[in-house]
Amino acid sequence: MKISRLFVTGATLAVTMALAGGVVLANDEEEIKVKDLVFGEVAHVVLDSESQANEVYRFIPKASGKYVISVDDYDDGIDDVLVMIADPEKMEEEDYMDYICPEFGTELFMEVNLEKDKAYAIYAGKDGVLTAADYTFSINGFSGEGNPLSKGWWENEDGWLYNDEEGNPVISDWAKIGGRWYFFDNIGIMQTGWFYFGGHNYYLKSNGAMATGWLEIEGRWFYFDVSGIMAEGWKQISGKWYYFDPVEGMKSGEYFIDSNHKRYYFKPSGEMAKGWLEIAVGINSYWHYFFSDGSEAHGWNQIGGQWYFFDKNYGQMRTGWLEDNDKLYYMKSSGAMMTGWFNEYEYWYYFQSSGAAATGWTQIGGKWYCFSKSSGIMETGWHTEVSGGKLIYYYLKDSGEMVKGWYKIQGKWYYFESSGLMVTGTKKIGGKTYEFYDDGICKNP
């Protein structure tokens, strides 16, 4: 099983270069990269009818002995297989190459004696110039001393593989290489991208290294702990709380509602909001408050000694007029609930300690005032009510205070009981009897 160098015209020019790897020339035109081949690796050769080049490999045995090189996936009716292995140190000898060439009657394998740590050049091509070839070959048999398997990384058409200290490929398992973790599937191929293992999600970078810490993937941020497990749900990182969706990753600039219907908000940085925060909605923005556990305030809440009201559905702090449980309130521009006297335009209002606007008769500072039952506006001037089927009258000063005793209105005298009720008919006051018209004007002041 010897072949003359005449069969590899052009390729022989690259034999010495193949010893160092790199790029070789074929037919003085095509550049071909020299690929390192390891024991057990399957090489896939595809050459079209126009190609005159060969696939060029370098093989450095890890042990001395007899190796078996075999061809597979070969179609006798289509492929013109030619696989040659050369000893570059014997270029001057007539038989420095061994080969597989079914066209010349050889078997689909060959046995060659190779020396440990010596570089050999392997050419995988085709026998015919205008023919095509599509086949695989591998160095898959050994007899001799030592272990022919190589430690470290190697590549085949499916991807990258790694052999452990004993030269065995890592299969269906993790391997720590150079301080980083990698995972290899059931045929030993290094995995990349999203990876589910042992009930957890992992992410393997484009170089295969397992991701840890923060990582942005397709515009979304994810976090992986020191063991590479992807964070899901609540996660405290450097003293701050975050929430991670199992598909979309870290929540940022958005709300999350838990199973107890509590609302949480995550800043653009992803950090869970606490305390006061202004959140934009379209062209507007609203203040919200988040408790120390991150849950959003809704309804009435006392904060820093002041009462505030937050929308019961969306948590927006209310300002201005507020109606709640049929009572009127007024929230300052700061959001704090108003108490005491309040003037808006020409109207006066009074808000009790509960914050509710006073309505009807209300005693303030020992004086009586009357406020509209519908609007809460303080009344002034005449006030009428129906009692016993007839109208009764009260009078409220410009200050809103209810009048008691003698009071002059538009030059006329009136008298009001201690209850504020306007007197009509006759009444003895201070030992003197006075007469009052039905409209309350005193006849004999």
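The values are calculated or read from the model by the stated rules, or taken from the named source; none is laboratory data. Note that this is a predicted model, so its numbers are computed, not measured. Every residue, glycine as well, gets a Cβ built from its backbone with ideal geometry; the counts of neighbours run over all protein chains shown. We work out accessible area using only protein heavy atoms, side chains counted, and drop any ligands, DNA or RNA first. Shrake-Rupley method; radii C 1.70, N 1.55, O 1.52, S 1.80 Å.
The set of residues in the range 120-133 being open to solvent by less than 100 Å² (accessible area, probe 1.4 Å) and in a loop (DSSP other than H, G, I, E, B) consists of Asp127, Gly128, Val129, Thr131, Ala132. Being open to solvent by 20 Å² or more (accessible area, probe 1.4 Å) and assigned to a strand (DSSP E or B) is the requirement here; does Asn201 meet it? Yes, satisfied. Here the range 153-169 is the region considered, the condition is being assigned to a loop (DSSP other than H, G, I, E, B) and among the acidic types (Asp, Glu), and the residue that is least open to solvent (accessible area, probe 1.4 Å) is Asp164.
Taken over the range 218-234, the criterion of being among the hydrophobic types (A, V, I, L, M, F, W, C) and not in a loop (DSSP other than H, G, I, E, B) is satisfied by Trp221, Phe222, Phe224, Met230, Trp234. Being on the phi > 0 side of the Ramachandran plot, crowded, with 17+ Cβ neighbours inside 10 Å and at pLDDT 95 or above: is that true of Gly193 here? Criteria not met by Gly193.
Just to check your reading of the model, which residue among Ser143, Ser172, Ser138, Ser150 is hydroxyl-bearing (Ser, Thr, Tyr), open to solvent by 50 Å² or more (accessible area, probe 1.4 Å) and in contact (Cβ under 8 Å) with a residue 24 or more places away in the chain?
Details: Ser172 fails: in contact (Cβ under 8 Å) with a residue 24 or more places away in the chain; Ser138 fails: open to solvent by 50 Å² or more (accessible area, probe 1.4 Å); Ser150 fails: open to solvent by 50 Å² or more (accessible area, probe 1.4 Å).
It is Ser143.
The residue that is nearest to Ile69 (Cα to Cα), counting only those in the range 93-142 that are of a type in the set (Gly, Ala, Ser) and more than 55 Å from the chain's Cα centre (by Cα), is Gly105. If you check every pair at least six apart or on different chains, which have Cβ atoms under 9 Å apart with a residue in the range 306-325 that is assigned to a loop (DSSP other than H, G, I, E, B) first and a residue that is acidic (Asp, Glu) second? Going by the 9 Å Cβ cut-off, the qualifying pairs are Tyr314/Glu296; Gly315/Glu296; Arg318/Asp311.
Here's the yes/no breakdown for (1) open to solvent by less than 30 Å² (accessible area, probe 1.4 Å); (2) in contact with a strand residue (DSSP E or B) (Cβ under 7 Å, 6 or more places away or on another chain); (3) assigned to a loop (DSSP other than H, G, I, E, B):
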residue	(1), (2), (3)
Trp341	no, yes, no
Tyr349	yes, yes, no
Ser353	no, no, yes
Thr362	yes, yes, no
Trp368	no, yes, no
Ser375	no, no, yes
Lys408	no, no, no
Lys427	no, yes, no
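Scanning the range 410-425 for residues that are on the phi > 0 side of the Ramachandran plot and buried (at least 16 other Cβ atoms within 10 Å of the Cβ) gives a single hit, Gly420. Out of the residues in the range 243-264 that are at pLDDT 95 or above, of a type in the set (Ser, Thr, Tyr) and open to solvent by 30 Å² or more (accessible area, probe 1.4 Å), state the one that is farthest from Arg220 (Cα to Cα). The residue in question is Tyr255. Taking the criterion of being under 23 Å from the mean Cα position of the chain (by Cα) and either open to solvent by less than 30 Å² (accessible area, probe 1.4 Å) or of a type in the set (A, V, I, L, M) (or both), the residues of the range 289-302 that qualify are Phe290, Gly294, Ser295, Glu296.
Considering every residue within the range 393-405, establish whether at least one is in a strand (DSSP E or B) and open to solvent by 80 Å² or more (accessible area, probe 1.4 Å). Spell out the reasoning first.
First, pick out the residues of the range 393-405 that are in a strand (DSSP E or B): 393-396, 402, 405.
Cutting the leftovers down to open to solvent by 80 Å² or more (accessible area, probe 1.4 Å) gives us none.
Looking for residues that are in a strand (DSSP E or B) and open to solvent by 80 Å² or more (accessible area, probe 1.4 Å), one finds none in the range 393-405, hence no.
Within the range 249-272, the set of residues being more than 12 Å from the chain's Cα centre (by Cα) and on the phi > 0 side of the Ramachandran plot comprises just one member, His261.
Considering only the range 429-445, how many residues are touching a strand residue (DSSP E or B) at 6+ places or on another chain (Cβ under 8 Å) and not in a strand (DSSP E or B)? The total comes to 5. Given the conditions (1) within 26 Å of Asn201 (Cβ to Cβ); (2) open to solvent by 80 Å² or more (accessible area, probe 1.4 Å); (3) at pLDDT 95 or above; (4) in a loop (DSSP other than H, G, I, E, B), which single one is not true for Gly270? All conditions pass for Gly270, except number (2). One residue stands out among those in the range 38-55 that are charged (D, E, K, R) and open to solvent by 40 Å² or more (accessible area, probe 1.4 Å): the one that is nearest to Gly167 (Cα to Cα), which is Asp48.
Return a yes/no flag: does the range 326-335 have any residue that is at pLDDT 95 or above, more than 21 Å from Glu278 (Cβ to Cβ) and exposed (fewer than 14 other Cβ atoms within 10 Å of the Cβ). No. Close contacts from the range 274-294, counting a first residue that is of a type in the set (Gly, Ala, Ser) and a second that is open to solvent by 80 Å² or more (accessible area, probe 1.4 Å), with Cβ to Cβ under 7 Å and a gap of 6+ residues or different chains, come to Ser285/Glu278; Ser292/Lys274; Gly294/Trp241; Gly294/Lys274.
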